[in-house]
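A quick write-up on the structure given underneath.
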Amino acid sequence: MAADSREIRRRYDRLAPWFDGLESVLEGLFFRRWRKRLWAEVQGQHILEVGVGTGKNFPFYPADARVTAIDFSPNMLTIAQRKRERKGLSAELALMDVQALDYADNCFDTVIASFVFCSVPRPRKGLKELYRVCKPGGQVLLLEHVLSTNRIMAALMRLCNPLTVRLFGANINRETVKNVQSCPFRHIYVDPASGDMIKLIRAVK
């Protein structure tokens, strides 16, 4: 694992015990309904969730699908494992970096991630890995924080970004739609209702 990835992982390991509490207000007001909307787009029987974190998406897992979920933070994954056991889920959890997925080409019907690529050191490399493991005709679904299109807000976000990275390991100035467009997907759809700084993206291989 590259040095920058190790540093981000250490930050998430440190935050893991308090992560759900830190985001609880935003989760209740905004994120949960968008997670539900994201998972409503899932298709197929074999699903890969990238960046499972503490398992915030567990309530939305399709009952009739085989779900594999990964994260690169051991401490976050430990919390997710405990939640999985309490909820009686059959999802397979694995410690893995999205920038180097240990899966064969073309093996998942849907690959899904929520609020992950703000923390991936090399986001285009990670997105190319999602493309690689997605089946032809399959889809990659993303719910992501992105840089505002408002010039003043964007300038503020760029100014604050070094602090957010240092404290939380998350970049708030990512241009994730452009990064997805750099991959050879056949079709990319951005939900217009998802707003200026949060984007719901569907990319078809």
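The values are calculated or read from the model by the stated rules, or taken from the named source; none is laboratory data. It should be emphasised that the depicted structure is a prediction, and the values quoted were computed from it without experimental measurement. Neighbour counts are summed over all protein chains in view; Cβ atoms, including those assigned to glycine, are modelled from backbone coordinates with ideal geometry. Quick note on the areas: whole protein, heavy atoms, side chains included, nothing else; ligands and nucleic acids left out. Shrake-Rupley method; radii C 1.70, N 1.55, O 1.52, S 1.80 Å.
Some observations on this one:
- Of all residues in segment 144-162, none are touching a Phe, Trp or Tyr at 6+ places or on another chain (Cβ under 7 Å) and touching a residue at least 60 places away in the same chain (Cβ under 8 Å).
- Elements of the type strands (runs of 3 or more DSSP E) sitting completely within segment 51-124 and holding at least 3 residues that are within 17 Å of the chain's Cα centre (by Cα) and surrounded by 15 or more Cβ atoms within 10 Å (Cβ to Cβ): these cover 66-71, 108-114.
- Counted residues, segment 176-205 - those being in a loop (DSSP other than H, G, I, E, B) and either more than 17 Å from S119 (Cα to Cα) or modelled with pLDDT of 95 or more (or both): 9
- Matching option when the condition is without any contact (Cβ under 8 Å) to a residue 40 or more places away in the chain, more than 21 Å from H46 (Cβ to Cβ) and open to solvent by 10 Å² or more (accessible area, probe 1.4 Å), among I172, I188: I188
Rundown of residues vs (1) within 30 Å of P162 (Cα to Cα); (2) at pLDDT 95 or above; (3) polar (S, T, N, Q), yes/no style:
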| site | (1), (2), (3) |
| --- | --- |
| N57 | yes, yes, yes |
| A65 | no, no, no |
| P74 | yes, yes, no |
| I79 | yes, yes, no |
| A91 | no, yes, no |
| P121 | yes, no, no |
| K135 | no, yes, no |
| Q139 | no, yes, yes |
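- Tally of residues being open to solvent by 50 Å² or more (accessible area, probe 1.4 Å) and in a helix (DSSP H, G or I) across segment 133-169: 13
- When the criteria are applied in full, L127 meets the requirement of being buried (at least 20 other Cβ atoms within 10 Å of the Cβ), of a type in the set (A, V, I, L, M) and closer than 23 Å to T54 by Cα.
- From the options P62, P74, P136, residue that is within 24 Å of V180 (Cα to Cα) and out of contact with any His (no Cβ under 8 Å at 6 or more places or on another chain): P136
- Yes/no for F30 being in a helix (DSSP H, G or I), modelled with pLDDT under 95 and open to solvent by less than 90 Å² (accessible area, probe 1.4 Å): no
- Any chance F19 is open to solvent by 30 Å² or more (accessible area, probe 1.4 Å), farther than 29 Å from D109 by Cα and modelled with pLDDT under 95: yes
- Top-ranked residue in segment 150-169 [being hydrophobic (A, V, I, L, M, F, W, C) and closer than 17 Å to Y12 by Cβ; ranked as modelled with the highest pLDDT]: L163
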